[in-house]
Structure formats: C-alpha cells, structure tokens
Amino acid sequence: MPELHKLQIAQSFGKAARCYTQHNRLQQQCAATLLQGLPSSLGVVLDAGCGPAVNTQALCARAQAYYGFDLSAGMLAQAQEQFPQHKWLQGDLEQLPFAPESFDQIYVNLALQWTDNLTIVLKQLIHCLKPHGTLVFSTVLDGSMAPIGPMFQRVTGHRHHNQFLRTSELLTCLQQAIAEVGASRACLAKFQTEQIAIPYASMRDMLYDLKGIGANYQPAGRARLTREQLRRVETGLESYRENDGMLYLQWRIGFVTITKNIA
C-alpha cells in the first residue's frame, strides 16, 4: 500500500478518535469474542491497532505490562489522554519496531484489513511472540458491508469501501505465514467466522457510524457522491428494511488464534 494511502488512512481514523466510542458497536462485539478466548493472566501484551484505547482497561486488568500501538497519531493522542501511565507507540503493522519474542500476548481487533500484505504482517507478529505466546485477532472478510456497499457500487459503478479478503484467502495467508515461520514454531489454534448484523434506523445513521469510526476512508481522487446518488442509494436500501423497521449492516468477521511453540 502506498505510503500516501497509509497517511490518509491514519488521518481518517485520527479525525474519528474523539467520537469513536459512540459508534463502535461492531468493534465492541468483536472485542468481546476475542477477550473470551484469552487467559486470565496475559503477561506482556501488545494491543496492535489499539485505536483510542477502547480495549486497554480490559487487557490491563489481566496484563503484567501493556503496550498500545497504532498507525494514527490522533488515536494515540486520545489513548494517551485517557491512560497516560501506559506506553503508546505510533507505527505501521507492516513494519513492526519490536524485537523478536517481546510479548506474551498480541491482540489485534479489526485492524489487519487495512494492511497490504497480511502474510508479512502475520509473520512479524508471530516473531514478536515469546514461546508459548498467543496472537489473537479479528478481521473483516468479503461479504461485509451489505447491503450498503453493493448499493453504492450499483449506483456509482465502483466500490466505496476497502477490498476485504475472502475466507479462503485469509486461510491461505495464515498457512503461508505459519509455513514461512516454521510449522514447528507456530500453529493455528483456532479459526472461525461469524456473521454480525448491526441495526440502524436509517442510511444516514449507518454512514454516520462508519464515519465515526474512521472506516469511511477512500483513496484520494475518488469523487464524492452527489445528492442524487445518495438519494438513489437511500431509496434502494428501503427494500432491505426488516419487519422491526430497521436496516441491518452485515459484517463477515474472521476470528483467529495462533500460538507460538518453543522450537
């Protein structure tokens, strides 16, 4: 991914830092699933893609030491403001600044879908684990953002969100990363996918949530939607309204646990 795009992604999330917790229902649900799979004692923890410290308290309750890591300076400023006693580092998941075997646990909630080469990122994360350490992460998969994503594409002729991996592609990345690290040194302990539906009263509420978590990033040069295009999207979405009167934004989420062996 070009450095300019990474800067733009960081800026998009930075703008959302102060209002992030008002809009992060998907992140909260995924965090609950990840936290359930962690042991009661975590040792030294890396919260990679930590955002504005939304999971810091839950992780610190079990951790000996906590490190927050994020691409966005705005997110880290908000995290530092809330928890000045912890260590916060800015950087790129594709260029981790940590020494091998630095962490007992690495936790990554809904951040890896923004990386360009997942296999490389996974290899680096595994290298940063201590023996018997665990990497847990969630990531967005293909089929997410229905019905609004396909509706935008139908109206405008192009996609308006990130290209997400298919489940088979995620499995391939996992297998490649573990093979390159060495099957004797790491293993895939858990893999599951879940469909999560978040209810909204209107299209505008849906878009407001996506903007509120910084997930509305689009590459530079992509034209903004016109009022007429937005009207057509809004009209098209009405056919998806459920019996309870709500529109549901669908997410396909992969949950993964990788463990580090001694060898």
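Structural remarks
- Set A65, A77, A48: member being at pLDDT 95 or above and surrounded by fewer than 21 Cβ atoms within 10 Å (Cβ to Cβ): A65
- Residues of the range 89-97 include at least one that is over 20 Å from T257 (Cβ atoms), in a strand (DSSP E or B) and either touching a helix residue (DSSP H, G or I) at 6+ places or on another chain (Cβ under 9 Å) or among the basic types (K, R) (or both).
- Residue count for the range 139-159, restricted to those that are out of contact with any Ser or Thr (no Cβ under 7 Å at 6 or more places or on another chain) and not in a helix (DSSP H, G or I): 11
- Per-region count, the range 116-135, residues surrounded by fewer than 20 Cβ atoms within 10 Å (Cβ to Cβ) and assigned to a loop (DSSP other than H, G, I, E, B): 2
- Being hydroxyl-bearing (S, T, Y), exposed (fewer than 15 other Cβ atoms within 10 Å of the Cβ) and out of contact with any Asp or Glu (no Cβ under 6 Å at 6 or more places or on another chain) is a property that T172 has.
- Considering V155, V108, the condition of being closer than 27 Å to R252 by Cα, of a type in the set (V, I, T) and at pLDDT 95 or above is satisfied by V108 alone.
- Residue in the range 44-61 that is over 17 Å from the mean Cα position of the chain (by Cα) and of a type in the set (S, T, Y) present: no
- The range 193-235, residues that are modelled with pLDDT of 90 or more and farther than 16 Å from T156 by Cβ: T193, E194, Q195, I196, A197, I198, P199, Y200, A201, S202
The values are calculated or read from the model by the stated rules, or taken from the named source; none is laboratory data. Just so you know, these numbers come straight off a predicted model, no measurement behind them. Methodologically, a virtual Cβ is constructed for each residue, glycine included, from the backbone with ideal geometry; neighbour enumeration extends over all protein chains shown.
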